[in-house]
Amino acid sequence: MNECNTEKLLSTYPLLYRNLREYGFQCGDGWFDLVFKTSAEIEAVSVREGTPKTSAEWPSVSCLKEKFGTLRVQFHHRVCDAVEAVVSTAYLKSMVVCELCGSHVPLQAQYDSKVQPKHSETLCGDCRKAAHF
Ligand SMILES: [Zn+2]
């Protein structure tokens, strides 16, 4: 993710990403909105669950990356089921959002070998052409 988007996430959610500064967000900028909204939801859910907003208790993302065309978020410590549910939803949503430009990618296209010869990425038609030709 580019510097500008990385800084937006780090400055908006400093506690959530307190241990991610070195590694950054290992996915394309097309997923910025998804990551931003997911971060907001993780925080909202944590507040609702009564999690104290301290660096010992608040969720801490240890890894945020693209893997096999999907968004994966891992935490340092075990997080509550409600937070896990938010992360699972983000994982599903990432399957239909182009990782480079953020446009909608129909799920069907992902499994059509003619449209997508390489299954391990989520890109729209234009970005795929740009990436592979
Ligand atoms: Zn695209």
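Since every read-out is calculated from the coordinates, none of them should be taken as a lab result. On a predicted model such as this, the values are computed, not experimentally measured, just so you know. Heads up, the Cβs are rebuilt from the backbone with ideal geometry, glycines too, and the neighbour counts pull from every protein chain shown.
What helices does the chain have that are whole DSSP H segments, at least 18 Å long along their own axis by Cα, and with mean Kyte-Doolittle hydropathy of 0.0 or more?
32-48, 81-94
Hey, what number do you get for the chain at 222 nm if only DSSP H runs of n ≥ 4 count, each worth -39500 (n - 2.57), divided across all residues, to the nearest 500?
-12000 deg cm²/dmol
Could I have the simple spin-label model distance between R78 and S11, label points 7 Å from Cα toward Cβ, reported in nm to one decimal?
With each label point 7 Å from Cα toward Cβ, the separation is 3.7 nm.
What shape does the stretch 44-114 have by the C-alpha gyration tensor, where a ≥ b ≥ c are the square roots of the eigenvalues, rounded means a/c under 1.5, and otherwise prolate means a/b greater than b/c and oblate the rest?
Numbers: a/c = 3.09, a/b = 2.54, b/c = 1.22.
Because a/c hits 1.5 or more and a/b exceeds b/c, the stretch 44-114 counts as prolate.
Near the amide H of L100, under 5 Å away, which other amide H atoms are found, from residues 5 or more places off or on another chain, if H is placed in the peptide plane?
Answer set, sorted by chain and number: G30, C124.
In nm, what is the difference between 0.36 nm times the number of residues separating L107 and R18 and their Cα-Cα distance?
28.7 nm
Express the relative contact order of the stretch 3-130 as a whole percentage, based on alpha carbon pairs under 8 Å and six or more residues apart in sequence.
25 percent
Taking amide H positions as placed in the peptide plane 1.01 Å from N, state which residues far from F75 in sequence (5 or more) or on other chains have amide H under 5 Å from it.
S62
Given axes a ≥ b ≥ c from the Cα gyration tensor, I'd like to know whether the chain is rounded (a/c under 1.5), prolate (a/b larger than b/c) or oblate.
prolate
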